[in-house]
Amino acid sequence: MMSRTSLPALLAGIFSLVALVLLATPPRKPPRGPHQEPLLPRQEVLRLAGRGYIEVVADYFWIQLVQATGRARGAEEYRDIYPYADLITDLDPRFGMVYPFAGSALPTNTGRETWVNTEESTKILRKGLKLFPGDLKMNMLLAYNLSAFHKQYREAAEVVERASKLPGAPSYLPALATRLYAQSGNVDAGLALARSLADSAEDQETREIFLQRVRDLELEGELRRVDAAITDFRGAFGVAPPDVDTLMWLGFLEQPPHDPKGGGFYIGHDERAYSETQQRRLEIYTPDNRGYHWKMPVKK
């Protein structure tokens, strides 16, 4: 039989939970008019009112977040995911599924590859990775945000490189990291990683893959050296040089560029350097109105 003291304590707990739910319920949005972000209680108030039931409170707001995601139709409504996710993870930082859920749901394409809510997505992923640095999905979501939305290729490469060492990481991640390093302009970092991976490879096939990556990055380094000479030439004469030989004759290149595969070099219609032995520059993509495509060389 329940004791006299336990019954009042139980009733008090039930009353506190009911009051907390009423306090925590977001106000209904007006049916018409401009969009309004949900007005959520401060976490300090919730912690005070829900002392001893914080995980239950976090679960309640998790349900609210899922419902808000299901109702979302436009960019502003998808942005509502962030204040819910931020509050939930303030209340219960170990609520691990919230971070990747919100991080992947927030970015919204408003047309022609124009993305919004990306800063909020990146912010919640960074918050999660402070507690779960070994979460492969969160690392990959962050790397995608950094490269695709923020154009921060160097940091994206560092995230992918770390992720490539996690249990269960896909085998393509080290190669992706070297591409991101190249995209960032830090060819030396990509070379160091590729050489390290080649040296530590346990079989000849894997070793050859990364040796090829070393050759690709060495070539990209030479192409960027020619690109810099083209820029200097344009600054001096107002036009791009007709060919690489002109750069050599006029002293804009101290040493002739070297292709590890033994090919020659030419200047494309985009006034960048290309190698006759490689079909593409070592880049990920370039955006246009249709989405993304590989950057192909075109001879003048």
Criterion violated by Phe149 - all others in (1) modelled with pLDDT under 90; (2) crowded, with 19+ Cβ neighbours inside 10 Å satisfied: (2)
Scan of the stretch 255-291 for residues that are closer than 26 Å to Val239 by Cα, modelled with pLDDT under 65 and touching a strand residue (DSSP E or B) at 6+ places or on another chain (Cβ under 8 Å), ordered by number: Thr286
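List the helices (runs of 4 or more DSSP H) inside the stretch 147-246, counting only whole elements, that have at least 2 residues being of a type in the set (Lys, Arg).
Details: elements: 153-163, 173-183, 187-200, 204-237.
Ranges flagged: 153-163, 204-237.
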Members of the stretch 130-157 found to be of a type in the set (D, E, K, R) and touching a residue at least 12 places away in the same chain (Cβ under 8 Å), listed by number: Asp135, Lys137, Arg154
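Return yes when Glu254 is loosely packed, with under 13 Cβ neighbours inside 10 Å and assigned to a loop (DSSP other than H, G, I, E, B) and no when it is not.
yes
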Only one of Ala58, Ala102 that is within 26 Å of the chain's Cα centre (by Cα) and of a type in the set (A, V, I, L, M): Ala102
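Condition check: surrounded by fewer than 15 Cβ atoms within 10 Å (Cβ to Cβ), under 22 Å from Ala157 (Cβ atoms) and at pLDDT 90 or above. Does Ala228 satisfy that?
Yes.
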Identify, from the list Glu218, Glu158, the residue that is of a type in the set (Asp, Glu) and over 26 Å from Asp135 (Cα atoms). Glu218
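Residues that are at pLDDT 95 or above and surrounded by fewer than 18 Cβ atoms within 10 Å (Cβ to Cβ): which helices (runs of 4 or more DSSP H) entirely in the stretch 44-141 hold 2 or more of them?
Result: 118-131.
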When (1) within 17 Å of Lys261 (Cβ to Cβ); (2) touching a Pro at 6+ places or on another chain (Cβ under 6 Å); (3) not acidic (Asp, Glu) are applied to Ile209, the one that fails is (2)
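The values are calculated or read from the model by the stated rules, or taken from the named source; none is laboratory data. Everything quoted here is computed from the prediction, not taken from an experiment. Please note: Cβ atoms are built from the backbone with ideal geometry, for glycine as well, and neighbour counts cover all protein chains shown.
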